[in-house]
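Every number in this text was worked out from the coordinates using simple rules, so none of it is lab data. Fair warning: this is a prediction, and the values are worked out from it, not measured in the lab. Glycine gets a Cβ as well: all are built from the backbone with ideal geometry, and neighbour counts include every protein chain shown.
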Amino acid sequence: MAPSGMVKLACVVLMCMVVTAPHAQAAVTCGTVLTSLQPCLGYLRSGGAVPLPCCNGVKSLYSAAKTTADRQTACNCLKSASGQVGGINPGYASSLPKSCGVNIPYKISPSTDCAKVK
């Protein structure tokens, strides 16, 4: 095969690899969200001092949610979990990020439209 034919073949192979490559997976899953925030349940139910493991989980989740898709996934998981786990105080939930020194650009609330989270 001539050198120009090899280049063309290489380009075709490269394009096929790019087109058939699996789409990137979101870094954040509901499992990640629930595991990260499990140490926060006591605080979310009764308030008081935010436990250090809780803040570590909040910060870890914040660091992991780098893309809009990740942040929307986290938001939807939080909304879903809040409906399944009883006794969570919405005021404690909305203040949790700030209490842990994390600034997120939306309110933690069951009424938050996760599709608008950027």
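Quick notes on this structure:
- Counting only residues at least eight positions apart within a chain, or on another chain, the lysines with an alpha carbon under 20 Å from that of Lys59 are Lys79, Lys98, Lys107, Lys118.
- Amide H contacts of Asn89 (H built 1.01 Å from N, in plane; Pro and chain starts excluded): Arg45 sit under 5 Å, all sequence-distant by 5 or more or on other chains.
- For peptides 98-110, 37-49, sequence by mean Cβ density within 10 Å, most packed first: 37-49, 98-110
- Distance (nanometres) between label positions extended 7 Å along Cα→Cβ at Asn56 and Gln38: 1.4 nm
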